[in-house]
């Protein structure tokens, strides 16, 4: 192959539904086993560097205790943990004799409340749930763009918001959902890839990746009714005096909105009923379905079984939705609606070692903070920081090797586990990504490196993808093949050329 540029290839289909290999999710499901191979705590994956345990973290919330527990878990392995694109944690390098001690450790440390439900506690929520002010709009696309940092790293005055801000709190709902999931033996049958999501209305949750989601949205004000005259008005004050009368959750199935809305008090029962209905349809119609979209007629079938309907014309078969307008978490800080500060940090290539996990727990203790929160962008957010402690917390995160400002080449750059950690790896993508971190600017599009055609960890709509094959590296844009490189050096060269090219 010539090294003069990208060699055009035939573009495959558009970016696909989560968990599928083609745009026809239902067709793909017929060729797969009924039980997926997603690892958990009880079911380890045999990786190139030893056993791998995937620890579910509902809502991405890690308390001081659970951070310490994860640090202890890495001591059983090779000292490394990874953040996943579903806001979970993977513990790597576990020897065969670590399986039983790991289960005992995580169960005692509040990370395995039910062995039967180990792999089904898949719940996404915003790390900033209930905290985002609704003033500035989300046009800039990331929290970090609003950060004002001085040369010595002070956070300074920070302001950020999404289009609505947070409309409804979801922290308590995540905890209630997790407890209810673990309390129902029938729900232990959910596939390990089945995903719940709760979006507080600020838009920081990747609803497009979910099977069942509740998304907060404002209720239109009834003309002539004064603010606060109805108990549904959320909190009175400025919000109740605006153009809405509080908020409700709308049910989304396979990322498609339905006509069904509920009050917060009915949110968890609806999610449970939806999951049980999915299991019923799965048993009757598609025993190998892992996702709502895998059912015959997909979301439409599940909506009909729930006596609701999709909110727009659709076959219910496609999960794919444009997410370019969704605000994304980036390193930086946010002044919360209550005046406190939330700081988002990025561990390069989503890896944390034992020292960093212990350090995060110690940092929370030192500043009287409750938890740190993971996101699908593989970030860590520390919320509810008193303003006079924000600089110290940011300094502590930087001392642990985490990125806290948005002007880093690591922002939006990800890679799979790669050579040495995966037997399928064809190239050392993590070393290549480290080179790219020195080349990319702060506004570079999201980029993922995959060491083999399985594309592990690659988001369906990632702007730039590099996928290693037997002889070449496939270059993709928004999931569509755009060309090939002969080797890693060539891929880096082509990417650098593209970085320097003016946008079309």
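The values are calculated or read from the model by the stated rules, or taken from the named source; none is laboratory data. The shown structure was predicted, so the numbers you read here are calculated from the model rather than taken from an experiment. As a convention, Cβ positions derive from the backbone with ideal geometry for all residues, glycine included, and neighbour counts pool all protein chains shown.
Among the residues of the range 129-140, is any at pLDDT below 55 and not in a loop (DSSP other than H, G, I, E, B)?
Residues of the range 129-140 that are at pLDDT below 55, as a first pass: 135-140.
Retained after the next criterion (residues that are not in a loop (DSSP other than H, G, I, E, B)): none.
Within the range 129-140 (the criterion being at pLDDT below 55 and not in a loop (DSSP other than H, G, I, E, B)), the answer is no, since none of the residues qualifies.
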Can you spot a residue in the range 88-95 that is in contact with a helix residue (DSSP H, G or I) (Cβ under 8 Å, 6 or more places away or on another chain), farther than 18 Å from residue 42 by Cα and touching a residue at least 24 places away in the same chain (Cβ under 8 Å)?
no
Can you give me the number of residues within the range 457-482 that are surrounded by fewer than 20 Cβ atoms within 10 Å (Cβ to Cβ) and in a strand (DSSP E or B)?
4
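For a quick check of your reading: which strands (runs of 3 or more DSSP E) sit entirely within the range 34-94 and have at least 3 residues that are surrounded by 21 or more Cβ atoms within 10 Å (Cβ to Cβ)?
Numbers: elements: 45-47, 50-55, 61-63, 80-83, 89-94.
In the range 34-94, 50-55, 80-83, 89-94 are the strands (runs of 3 or more DSSP E) which contain 3 or more residues that are surrounded by 21 or more Cβ atoms within 10 Å (Cβ to Cβ).
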Hits in the range 99-109 (condition: in contact with a helix residue (DSSP H, G or I) (Cβ under 6 Å, 6 or more places away or on another chain) and under 15 Å from residue 58 (Cα atoms))
109
Among residues belonging to the range 141-164 that are surrounded by fewer than 23 Cβ atoms within 10 Å (Cβ to Cβ) and under 26 Å from residue 212 (Cβ atoms), point out the one that is modelled with the highest pLDDT.
164
What number goes with the only condition from (1) more than 26 Å from residue 455 (Cβ to Cβ); (2) within 22 Å of the chain's Cα centre (by Cα) that residue 348 does not pass?
(1)
Can you pull out the residues in the range 406-422 that are in a loop (DSSP other than H, G, I, E, B), more than 11 Å from residue 442 (Cβ to Cβ) and touching a strand residue (DSSP E or B) at 6+ places or on another chain (Cβ under 9 Å)?
416, 417, 418, 421, 422
Do we find that residue 353 is out of contact with any strand residue (DSSP E or B) (no Cβ under 8 Å at 6 or more places or on another chain) and either under 30 Å from residue 435 (Cα atoms) or surrounded by 21 or more Cβ atoms within 10 Å (Cβ to Cβ) (or both) in this structure?
no
Sort out which residues of the range 364-405 are in a strand (DSSP E or B) and either surrounded by fewer than 16 Cβ atoms within 10 Å (Cβ to Cβ) or more than 23 Å from the chain's Cα centre (by Cα) (or both), and write them in order of number.
384
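Criterion first (surrounded by 20 or more Cβ atoms within 10 Å (Cβ to Cβ), at pLDDT 95 or above and within 27 Å of residue 360 (Cβ to Cβ)) does residue 433 satisfy it? Outline the logic, then answer.
Values: surrounded by 20 or more Cβ atoms within 10 Å (Cβ to Cβ): yes; at pLDDT 95 or above: yes; within 27 Å of residue 360 (Cβ to Cβ): yes.
Considered against the rule, which asks whether it is surrounded by 20 or more Cβ atoms within 10 Å (Cβ to Cβ), at pLDDT 95 or above and within 27 Å of residue 360 (Cβ to Cβ), residue 433 comes out as yes.
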Here are some residues: 192, 203. Which one is out of contact with any strand residue (DSSP E or B) (no Cβ under 8 Å at 6 or more places or on another chain), in a loop (DSSP other than H, G, I, E, B), closer than 30 Å to residue 291 by Cβ and modelled with pLDDT under 95?
203
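Determine whether the range 229-239 contains at least one residue that is modelled with pLDDT of 55 or more and at positive phi.
The first filter runs over the range 229-239 and keeps only residues modelled with pLDDT of 55 or more, leaving none.
Looking for residues that are modelled with pLDDT of 55 or more and at positive phi, one finds none in the range 229-239, hence no.
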What are the residues in the range 423-456 that are over 23 Å from residue 92 (Cα atoms) and either in contact with a helix residue (DSSP H, G or I) (Cβ under 8 Å, 6 or more places away or on another chain) or in a loop (DSSP other than H, G, I, E, B) (or both), if any?
435, 436, 437, 439, 440, 441, 442, 443, 444, 445, 446, 447
